[in-house]
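Heads up: the structure comes next, in structure tokens.
The values are calculated or read from the model by the stated rules, or taken from the named source; none is laboratory data. Since this is a predicted model, take the numbers as computed values, not measurements. Cβ: placed from backbone, ideal geometry, glycine included. Neighbour counts: every protein chain shown.
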Amino acid sequence: MPNTSPPKPAKPGPKHSGRPLYMGPRLKRLRRELGLTQQAMAEDLDISASYVALLERNQRPVTAELLLRVVRSYKLDIADIAADDSADYGRRLSEVLRDPIFADIDLPALEVADLAASFPGVSEALLRLYGAYTREQAALAESGEGAPDAAGPDAVAEVRRYLAGHRNFFATLDARGEAIAAAIAEASGAEAGNTAAYLAKRHGIRTRLLPAEVMMGAIRRFDRHNQQLLLDDTLSAASRAFQMALQVAYAECRADIAALVRDAGVAASTTQVMLRRALADYVAAAILMPYDRFAKAVEERAYDIEALSRLFGASFEQVAHRLTSLHKPGAERVPFFFIRVDAAGNVSKRLDGAGFPFAAYGGGCPLWNLHDVFATPGRTATQWLELPDGQRFFSIARAVESGGGAHGRPRVQRAVALACAAEHAPRLIYAAGVEPRRVEATPIGVSCRLCHRPDCVARALPPIGREILADDHRRAAAPFGLAES
């Protein structure tokens, strides 16, 4: 019968000397990741379920003895579970509270520190709210309708900047991915590429496919306690393969990823988590599409994305994403820009490897057929584009779908596009034999506010810095008459 009394006090754990260690939100998040009830966790740790509830509400500190039980029971790294987030929360909250909007409120530093230490959930909620506020202000500033008072931390933007700074290429991760792909093929023998068999043989991890109702909204979950990788059984073959490769990446490349995150120098814990996730995804893609073999196939198939998808058992989007990372010295391929948007024009992913300008906020140009492919799912659309400064690009766009897999399951449709500089387009099967400078191109802009084309009939807003000319006697096709700049 489990012991219902709290563990005996022990000396504080590492880096928490002199004060109690409260880690309720982290303990609750861990329990949910493991798919455990409070009763199940209590039995694992030999305490009562009510005591687990008190720990999760930060009404009891975690002793060193209990911390060690958690680490041993769930095979965790003590540095990951015992890391103190309060200093990071305190720093970020202090930065936010320097915004002039809070100037008339008395906010003692001690109260801010107490909030960060005792109520990390509330702290995270305030930081997210402020982040949303500053992004909205930045969007208004770009559209000329307002100006931000201060810049808050934006994890998505920071990760995008980091990836763009490396042109989405990481030599160490590609080398690790290629070596792992070879090991999987060797270990699987006749079943080359059987990542599930490799996970079982190399790491003792069993892969199980479970119904959606059992997965409770997750498509992938790693059960550390039972060493099982649980996957939604309605995942497509490409998604299933990616999730298994991702588990291998976490199992074998954690140190490589951690080193890159440290070198990135990002301070916010949320940004670190998102960057770690992006780099793990990179390794998974490198396992499924090893650099040298993939780069060779790319040239042989003239960048035919659908053919490459079938050759590597990957989705159209996965291949398009991988094409942005082919910058290995001596084995470079065409540099691409990648973007993914939903039907409302919201950008959910962006990778710049081709110098393509894109507005950080606000809508894109409606003349780019990226926004039209929703009407023709399954078809690949191409387009020559010309920016106001004369730069030309070639675009490949297609609608892709995620979710679904069974009757009544929600589906999400997005559009993805690759764009490369016009001079590279003849290397692609989609533009073979075409002279880039002679072909007619669609004139597009970065966004309406940043585009100064005077006769655009698709314009939604006037450009910044141009006066609107009102004329009661004449109405042109373009929605705004503009004064000369």
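Take Ala417 and decide whether it is surrounded by 21 or more Cβ atoms within 10 Å (Cβ to Cβ) and under 26 Å from the mean Cα position of the chain (by Cα). Spelling it out, Ala417 is indeed surrounded by 21 or more Cβ atoms within 10 Å (Cβ to Cβ) and under 26 Å from the mean Cα position of the chain (by Cα). All of Ala87, Ala196, Ala192, Ala187 fail the test of being over 24 Å from the mean Cα position of the chain (by Cα), modelled with pLDDT under 85 and crowded, with 16+ Cβ neighbours inside 10 Å, apart from Ala187. Residues in the stretch 432-485 that are modelled with pLDDT of 70 or more and in a strand (DSSP E or B): how many? Adding up the residues that qualify gives 3.
When Gly390 is tested against the conditions (1) of a type outside the set (S, T, N, Q); (2) at pLDDT below 95; (3) surrounded by 14 or more Cβ atoms within 10 Å (Cβ to Cβ); (4) within 30 Å of Arg437 (Cβ to Cβ), the lone failure is (3). When the residues of the stretch 299-323 are narrowed to those that are surrounded by 22 or more Cβ atoms within 10 Å (Cβ to Cβ) and under 19 Å from the mean Cα position of the chain (by Cα), which ends up nearest to Thr382 (Cα to Cα)? This residue is Ala320.
Residues that are of a type in the set (D, E, K, R) and touching a residue at least 24 places away in the same chain (Cβ under 8 Å) are absent from the stretch 203-219 altogether. Could you tell me how many of the residues in the stretch 241-292 are aliphatic (A, V, I, L, M) and not in a helix (DSSP H, G or I)? Final tally of qualifying residues: 4.
Among the residues that make up the stretch 286-293, is at least one of them among the charged types (D, E, K, R) and surrounded by 15 or more Cβ atoms within 10 Å (Cβ to Cβ)? No, because not a single residue in the stretch 286-293 is among the charged types (D, E, K, R) and surrounded by 15 or more Cβ atoms within 10 Å (Cβ to Cβ). In the stretch 408-424 there is no residue matching the filter, namely being in a loop (DSSP other than H, G, I, E, B) and closer than 30 Å to Asp304 by Cβ. Mind listing just one residue for me: the one in the stretch 43-62 that is modelled with pLDDT of 90 or more and β-branched (Val, Ile, Thr) and, of those, surrounded by the fewest Cβ atoms within 10 Å (Cβ to Cβ)? The selected residue is Ile47. Among residues of the stretch 350-382 being part of a strand (DSSP E or B) and modelled with pLDDT of 90 or more, the one that is surrounded by the fewest Cβ atoms within 10 Å (Cβ to Cβ) is Thr382.
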